[in-house]
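Read-outs: derived from the displayed coordinates by stated rules, not from any lab. These figures come from a predicted structure and were not determined experimentally. Here Cβ is always computed from backbone atoms with ideal geometry, including for glycine, and neighbour counts include all displayed protein chains.
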Amino acid sequence: MSARETIFSAIGRALGRPGDPTAIRVEADALLAELERVRPRLAEGDPVSLFEAAVTRLPPGASSERLASLADLPAACARRLASLGLAPALKIQPRPELEALDWTAAGLALQAAVDDRVALSMAERGIAETASLVLRSSSDMAILDAFLPLHHLVALRTRDVVPHLEDAVADADLARSRNLVIATGPSGTTDIEGSLVIGVHGPATLHVFLIEE
């Protein structure tokens, strides 16, 4: 028996026999029946306002702003890049609604591949509880665009902001894509002495555009 087979054999013995799917489902449903007891109670307010408040509690580098419509996005991206002292260039997620916007009028150059600077994505959901973003891999969404650039910009429609994590994944249909990523704030890591360092393993800044249309 090879070392690999030995390891997997040991794992199999430790796991034991697989649980009965029906029994697991019954147990999960029983937990969900008392959901209000086990999830945090949110403050009063609409989900979008709660999302904005949660952004302010994230580590440094997280921010958000509201836009009246998607058409305002190019100019808002240009302002954001200028505030960071960056060149007016970025990679956008190749979705028709983003590609149809007038990026040239905003003075922005679009890049074909993500580099170490800026990428713009569209989130599938926003979670007011933690200011988290749900990003789904697909033919028009390279998940690495959310992790490789130093600065990540995200467009999120206000109608897609939900109160809790469970609300965001209730209809996720995980079979529809290879993965579903939940990102909360910029990348941060803490060493053994408790020093927080931002941007080591991913974006140093995360800016969310809340689209009110």
Using helices alone, I'd like the mean residue ellipticity at 222 nm for the chain: each DSSP H run of four-plus residues gives -39500 (n - 2.57), total over residue count, nearest 500.
-7500 deg cm²/dmol
Relative contact order in percent for segment 164-213 (Cα pairs under 8 Å, 6+ apart) equals 25
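Report relative contact order for segment 42-211 in percent, whole number only (criteria: Cα-Cα under 8 Å, sequence separation at least 6). Write down the numbers at each step before the final one.
On the way: 334 pairs, mean separation 48.7, N = 170.
So the answer I get is 29 percent.
Efficiency by 1/(1 + (r/R0)^6): what FRET value for R159 and V197, r their Cβ-Cβ distance, R0 = 30 Å, to the nearest 0.05? Don't skip to the answer; put the middle values down first.
On the way: r = 35 Å, r/R0 = 1.18.
Using R0 = 30 Å, I get an efficiency of 0.25.
Provide the packing ranking of 48-61, 12-25, i.e. peptides ordered by the mean count of other C-beta atoms within 10 Å per residue, highest first.
Ranked from most to least packed, the peptides come out as 48-61, 12-25.
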Neighbours of E213 by Cβ distance under 14 Å: Lys/Arg at +1, Asp/Glu at -1, summed charge -1
Provide the FRET efficiency to the nearest 0.05 for the E5-L144 pair, computing r from the beta carbons and using R0 = 22 Å.
0.10
Between L110 and D29, what is the spin-label point distance in nm, taking each point 7 Å from the Cα along the Cα→C-beta axis?
4.7
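Fully extended, how many nm does the chain gain between L86 and A53 (0.36 nm per residue separation, minus their Cα-Cα distance)? The partial results should precede the final answer.
Details: separation 33, 0.36 × 33 = 11.88 nm, distance 2.69 nm.
Computed gain between L86 and A53 is 9.2 nm.
Report the gain in length on full extension from D20 to A170: 0.36 nm times residue separation, minus Cα-Cα distance, nm rounded to one decimal.
Values: separation 150, 0.36 × 150 = 54.00 nm, distance 2.23 nm.
Result: 51.8 nm gained on full extension.
Using the C-alpha atoms of segment 42-211, what convex hull volume per residue, in cubic angstrom, is computed? Provide the component values of the computation, followed by the final result.
On the way: hull volume 21.1 nm³, N = 170.
Normalising the Cα hull of segment 42-211 by residue number yields 124 Å³.
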